[in-house]
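Here's the structure, in structure tokens; my notes come after.
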Amino acid sequence: MKFDFGGNKHLIDLYTKGASRKYKFIDKGLAKIFVTRMERIQAAASISDLFYPASMRFESLEGREDCFSIRINLEYRIEFKIDFTDSARTTGTVLILDVTKHYE
């Protein structure tokens, strides 16, 4: 599945440089996992490919239509929205929204 940062410079910097002013809480180890998660999204043929490995803990975000998250680790997650391109709602373009502290 294709992904896009929607022009968010901070997310682009985190992905390309491994650091960003906004995401200064993300150390080099977490930045590497962030890039790995982005590669996994890009390699996914459909939404079901994001269910594994289980450590990503793919989940739908309550109260937000077509919004989901996967974990970077136990503390942080990547929140994203999928613009589905098929009627079965299995494939589409992933818009990365934010990296947040889980449950905050």
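Table: residues versus (1) part of a strand (DSSP E or B); (2) of a type in the set (S, T, N, Q); (3) at pLDDT below 95.
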position: Gly63; (1), (2), (3): no, no, yes
position: Ser69; (1), (2), (3): yes, yes, no
position: Lys81; (1), (2), (3): yes, no, no
position: Ser87; (1), (2), (3): no, yes, yes
position: Thr90; (1), (2), (3): no, yes, yes
position: Val94; (1), (2), (3): yes, no, no
position: Glu104; (1), (2), (3): no, no, yes
Residue check for Gly7: surrounded by 12 or more Cβ atoms within 10 Å (Cβ to Cβ), more than 12 Å from the chain's Cα centre (by Cα) and of a type in the set (Gly, Ala, Ser): no
Within the range 27-46, considering residues that are over 14 Å from the mean Cα position of the chain (by Cα) and not small (Gly, Ala, Ser), the one surrounded by the most Cβ atoms within 10 Å (Cβ to Cβ): Asp27
Pairs with Cβ under 8 Å, 6+ apart, first in the range 38-58 and within 17 Å of Ala88 (Cα to Cα), second hydrophobic (A, V, I, L, M, F, W, C) and in a helix (DSSP H, G or I): Ala44/Leu50; Asp49/Ala43; Leu50/Ile41; Leu50/Met56
Residue within the range 61-79 that is in contact with an Asp or Glu (Cβ under 9 Å, 6 or more places away or on another chain) and β-branched (Val, Ile, Thr) present: yes
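The values are calculated or read from the model by the stated rules, or taken from the named source; none is laboratory data. Because the structure is predicted, anything quoted here is derived from the model rather than measured. Cβ sites come from the backbone with ideal geometry, for glycine too, and all protein chains shown count toward neighbours.
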